[in-house]
Amino acid sequence: MMENEERTPLITPAVVPNQSYYGGIEDARDAMSKFVVNNVAGESGRKLPQYIAGLAASGGALAAGTFLGWTAPTDKPLTEQMEYGFPVSAEAFSWIGSISNLGAAVMCFPIGYMMKLIGRKWSMLAMVLPLILGWLLIIFAENVAMMMVGRFFLGVGGGAFCVAAPTYTAEIAQPSIRGTLGTFFQLMVTVGILFVYAVGAGVDVQLLSIICGIIPLVFGAIFFFMPESPYYFVEKGRYSEASSSLKKLRGAQYDEAAEIEDLKQEDAKMKAESITILEAFRQKATIRALYISLGLMFFQQLSGINAVIFYNSDIFASANGGEEMSSASIIVGGIQVAATLVASVVVDKVGRRILLLVSDFMMAVSTILLAVYFQLKQDDPSKVADLSWLAVLSVCLFIAMFSIGYGPVPWLMVGELFANNVKAFASPVAGVFNWLLAFLVTKVFVNLKDAMGEAGVFWLFSGISLVGTVFVFFVVPETKGKSLNDIQRLLAGEKVNNSDQISFEAKSDDTVQQVA
């Protein structure tokens, strides 16, 4: 099948029409002609409005990035300098840093129902409220409890965006740019983290929190003017509004009739093939997709990424003889943004699997270097007097490699691995699992460091990353260039070759000639 035939969003359920499905529909040739005219060799319609809407939706990721990065510049001011006037112990700060992940986990299932009930756009706009509430609680905090509750609400809003924004972006984008737009979310998360690192280096915690609290308001003001997902309107039978949405996304001159018809067929087939949760998890393809997705989330989080993001100030200070390296975190944030940009360019070219393999193996190498450094420092500090650059280089390499592969790709593959009629059940399971692991790693990092030493923690992370590399090599399939139908056949154990794609392309060429 052609890649352009795919119209399925990454997370929200939809259906991919296939050749046999078209063959059973009356006036199939007319339908195919319309489909080819709009989608083959160039995809008529403008791309710029889709990029604008995708970036606007990813403003929620920017807000999420600010709360993820907030702990790095605020650790020392809160725990050692008592900027807020009340004591914050290291244990209390570990809860402040990690509890947002629980808030995010809590929202993975409810946001799916919200998107079906009130739409993707209004679900995201509604998340401005918990974000604003969270920042207000932190800004005016009088005790640790207020900070923890505020961080929980930030997790609620940020976690919802992790589901809603990629869904919206996937549903508004034409197939040729869906992979690129799909990386916008991770890119904006990294931009948010870099923003907090840079601003946090020059202002106190309260002013930093005020600035972060403005970002959700700006997002809401901009995203309010973006169109709703056309797929949502089709789900609700509001076809004229779906047409209007596509006109805004593809340009006023775009002939949206064929795409609307395509979405209607997808929606009808999805509803006809709806199954229960128990039926879904009896299918071989679903079971395999689930353990691949959960495996990717496991190795993503147990690589130590949240520990590095949340506590990189500690790592740099420890590597630098206890002295702060204020520019180090900003450098790390910049590398993260640059590497994510690279991922957005190459993800649809080199493939998901190779990015995961390179990413995980190089993360293992970087954490091995960190482990060796801290081991040498533990044995004899004089041995590493001139090697503080090694820890900084290792962290930079780790962040770059994570951002190229294991940052964006597992979320992308969750949307590709599950069949359309089980995504509503399965995708939130992967999301909850990911956030709970993030909570675990963030919460216990300090405890692990105390129990095992810094070297021991990074030896642990490196070992997990090496196992993750083996997992990807033997278990994870390549999904680049495959339709969702082909991916399901592959997961079910069937052989998938290019014959269907060649056949479909030949039919399309014939149709183009007849249309001409």
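The values are calculated or read from the model by the stated rules, or taken from the named source; none is laboratory data. Remember, it's a predicted structure, so these values are computed and weren't measured experimentally. A quick note on method: Cβ atoms are made from the backbone with ideal geometry, for glycine too, and the neighbour counts reach across all protein chains shown. Side chains included, ligands, DNA and RNA excluded: accessible areas come from the protein's heavy atoms. Shrake-Rupley method; radii C 1.70, N 1.55, O 1.52, S 1.80 Å.
A few notes on this one:
- The stretch between SER89 and LEU440 holds 124.5 nm of extra length on full extension. This uses 0.36 nm per residue minus the Cα-Cα distance.
- Cβ-Cβ distance of VAL203 and ILE354, R₀ of 51 Å, FRET efficiency by 1/(1 + (r/R0)^6): the value works out to about 0.80.
- Converting phi to 3J(HN,Hα) with the Karplus coefficients 6.51, -1.76 and 1.60 and the offset θ = phi - 60°, region 137-147 yields 4, 6, 4, 9, 4, 10, 7, 5, 4, 4, 5 Hz in sequence order, with x at every glycine or proline.
- Probe 1.4 Å - accessible area at PHE86, Å² to nearest ten: 20 Å²
- Straightening the chain between ARG489 and LEU390 buys 31.0 nm, computed as 0.36 nm per residue apart minus the Cα-Cα spacing.
- Accessible surface ranking that places the most exposed of TYR51, TYR239, TYR84 first, with a 1.4 angstrom probe: TYR239, TYR51, TYR84
- Accessible surface, 1.4 Å probe, highest first, among residues LEU397, LEU68: LEU397, LEU68
- Here the Karplus relation 6.51 cos²θ - 1.76 cosθ + 1.60, evaluated at θ = phi - 60°, turns the backbone of region 126-133 into coupling constants of 5, 6, 4, 4, x, 5, 5, 4 Hz, with x for every Gly and Pro.
- Among the listed pairs LYS121/LYS423; LYS443/LYS482; LYS247/LYS423; LYS449/LYS480, those with a Cα-Cα distance over 30 Å are LYS443/LYS482; LYS449/LYS480.
- Residues of region 93-112 with amide N under 19 Å of a point placed 7 Å along Cα→Cβ from MET82: 93-94
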